[in-house]
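Computed from the coordinates by the stated procedures, all read-outs in this text should not be read as laboratory data. Everything quoted here is computed from the prediction, not taken from an experiment.
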Amino acid sequence: MTSRFGQLLFTPEAQRHQERHGSRRSYAHMTAGPADADRLTEDEAYFARTRTSFYMASTSSSGWPYIQHRGGPVGFLRALDDKTLGFADYRGNKQYITTGNLDHDNRVALFLIDYPSRSRLKVLGRARTVGAEEWPESAGPLVPGDYRAVVERVVLIDVEAYDWNCPQHIEPRYTTDEVEQAIAPLRRRLAELESENARLKAGRAAEADAGRERARAAAHQRTEEPP
């Protein structure tokens, strides 16, 4: 956990509960560092650009928090530099709850999860929406590959802090592509065995046919021999 993450979220109320449950001492040093914003490393950048979904929390003007799922092909979320995340906001159900929330309060929290490895990255930042024309070409296409989507806007997030969380209670889950990759060797081996089995069956059938033919020839020869 970074110092900045602890400074932002270890409120007096949270610290009071840490004291009560005996974890305050182990967390105390995590609020003692400089108050500078965290910088993304290649680890966080790689994790972000390999996600196909994440969750983003914002707060409405009514005071109620809201969590929204955002999804797309690999590469739709990217680290544009060491302090900025960006993603293409594809057209959805047109409720615009998160977009409206950002007009009121631009603070957001992101959860990025890789279920197979049970890895979780939490990000705090300030989000702003811009036009698609402001997406840098160096970051790659807004709609990677042949993914079908309409880009309504681009969301840029100035990262304030992040934290890699423990894997406890994250149940591993796998996408269709991940399952296919895992069982591809089994499919190839099964095809090889089925081919070999078919070849052996054909060979045995040929041997059986040859044996029957020899038996018929021998029987025919016996019937033609003089008594």
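In the calculated pair distance distribution of region 13-114, what percentage of Cα-Cα distances lie above 23 Å? The answer is 46 percent, as a whole percent.
Under the definition of Cα pairs under 8 Å and six or more residues apart, what whole-number percent is the relative contact order of the chain?
19 percent
Each listed q (0.16, 0.18 Å⁻¹) maps to a log10 I(q)/I(0) for the chain from the Debye sum over equal C-alpha point scatterers, namely -1.19, -1.39. Expressed as a fraction of 2.2 N^0.38 Å, the C-alpha radius of gyration for region 151-227 is 2.86.
Taking a temperature of 4 °C and a viscosity of 1.567 mPa s, what whole-number D in µm²/s does Stokes-Einstein yield for region 101-183 with Rh from Kirkwood over alpha carbon pairs?
On the way: Rh = 15.6 Å.
Approximately 83 µm²/s, per Stokes-Einstein.
Straight Cα distances below 21 angstrom link Lys83 to the lysines Lys122, with same-chain residues fewer than 8 positions distant left out.
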